[in-house]
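Novice: The structure follows.
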Amino acid sequence: MHDELTAVDIRKMQEEIDYRTSQITPKLKEQLKAARDLGDLSENDEYHSVRRALNKNYGRIRYLRAMIDTAIVIEVDSAADVAGIFDKITVFDEETEEERVVTIVTTLRNDIFGGYISKESPFGQAIIGHKVGDRVEVIVNESYSYFIQIRKIEKGQDDESLPISSY
C-alpha cells in the first residue's frame, strides 16, 4: 500500500529521521552504556527502560523510512469550487444539527481534535471533490453512515507548521 503524501510531508519525515539519528540515538546509546555499567542487567530497570526507548526510536526511524520509500508524492491543487486537500471546509452535520469547520490533510498530519481530518478517513474520502451546497453521505462502516452538507470551502495550501503525527 502507498500513502499519498506531499513534498512537505516527505521533507518533515526526513528531518525527523535526521534528528533521531544524529541527536536522539547517540544520547540513548550513551545512557544505555551508563546503565549497563551499573551492574547486573537482569535487575537493572534503568538499562531495560533505556533499551526500550532506543528500540522505540529505531522503530520510528524504520517506520518513517518505509513511509518515504513507499510514498506517492501528490500536488496540492483542486478546482476553486471543489473541496480538496488542505482546504478549510464548513459542514453541517444533519444528525447532530451542528456546523463545524474541518481542514482536510494528509494521513501524517491528522489531528481530529484540532479539526484536521485525514483525506483517507471516511469523512475525508466523502467530502473531497464536492462543492458548496452538496449533500454528502459519510459511510463509516457497513451499518452506520450519516449525511453532511457542505456550506463553505476556503481554499488552503500545504501548511508547513502542521506537525506530522508521532504515533
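Novice: Could you name the aspartates and glutamates whose alpha carbon sits less than 20 Å from that of Lys27, not counting residues in the same chain fewer than 8 places away?
Specialist: Glu15, Glu16, Asp18, Asp37, Asp45, Glu46
Novice: Of Glu97, Glu16, Glu160, how do they rank once you tally other Cβ atoms within 10 Å and put the fewest first?
Specialist: Ranking Glu97, Glu16, Glu160 by Cβ neighbours within 10 Å, fewest first, gives Glu97, Glu160, Glu16.
Novice: For a quick check of your reading of the filter: which GluC sites (Glu not before Pro) in the range 32-95 sit in a DSSP loop and have no more than 13 other Cβ atoms within 10 Å?
Specialist: Listed in order of number, the matching sites are Glu75, Glu94, Glu95.
Novice: What does the charge add up to near Val101, with Lys and Arg as +1, Asp and Glu as -1, over the other residues with Cβ less than 10 Å from its Cβ?
Specialist: With Lys, Arg at +1 and Asp, Glu at -1, the neighbours total +2.
Novice: Same structure, new question: State the volume of the convex hull built on the alpha-carbon positions of the chain, expressed per residue in Å³ and rounded to an integer.
Specialist: 153 Å³
Novice: With the dipole of the chain worked out from charges on the C-beta (+1 for Lys and Arg, -1 for Asp and Glu) around the Cα centre, which of Val140, Ala7, Val50 lies farthest toward the positive end?
Specialist: So the residue furthest toward the plus end is Val50.
Novice: Then there's this: Given the options Ser121, Ser78, Ser49, state which has the largest fluctuation in a GNM of the chain using a 10 Å cut-off (strictly under) for Cα springs.
Specialist: Greatest mean-square fluctuation among the candidates belongs to Ser49.
Novice: Looking at the range 80-128, send over the antiparallel percent of its DSSP beta bridges, to the nearest 5.
Specialist: Taking every DSSP beta bridge with both residues in the range 80-128, the antiparallel ones total about 70 percent.
Novice: Further question on the same structure: At 20 angstrom or more along the helix axis (alpha-carbon based) and mean Kyte-Doolittle of -1.0 or higher, what helices does the chain contain? Whole DSSP H runs only.
Specialist: None pass (Cα extent of 20 Å or more, hydropathy at least -1.0).
Novice: With springs connecting C-alpha atoms under 10 Å apart, model the chain as a Gaussian network and identify which of Val50, Val138, Val82 has the largest mean-square fluctuation.
Specialist: The residue with the greatest mean-square fluctuation here is Val50.
Novice: I need the Kirkwood Rh of the range 88-154: take the reciprocal of the average 1/r across all distinct C-alpha pairs and report it in angstrom.
Specialist: Radius from the Kirkwood sum: 11.9 Å.
Novice: Restricting to DSSP H runs of at least four residues, report the calculated mean residue ellipticity at 222 nm for the chain, -39500 (n - 2.57) per run over all residues, nearest 500 deg cm²/dmol.
Specialist: About -11000 deg cm²/dmol.
Novice: Of Lys12/Lys152; Lys12/Lys33; Lys33/Lys56, which ones are farther than 26 Å apart at the Cα?
Specialist: Too far apart for the 26 Å limit: Lys12/Lys152; Lys12/Lys33.
Novice: Can you give the convex hull volume of the alpha carbon atoms of the range 4-73 per residue, in Å³?
Specialist: 69 Å³
Novice: Have a look at Leu38, Leu54, Leu108 and tell me which one the Gaussian network model of the chain (Cα, springs below 10 Å) gives the largest fluctuation.
Specialist: Among Leu38, Leu54, Leu108, the largest GNM mean-square fluctuation belongs to Leu38.
Novice: Output the relative contact order of the range 1-106, whole-number percent, from Cα pairs under 8 angstrom with separation of 6+ residues.
Specialist: 32 percent
Rule-based calculations on the coordinates, nothing more; no lab input. Just so it is clear, the structure is predicted and the values come from calculations on it, not from any experiment. Heads up, the Cβs are rebuilt from the backbone with ideal geometry, glycines too, and the neighbour counts pull from every protein chain shown.
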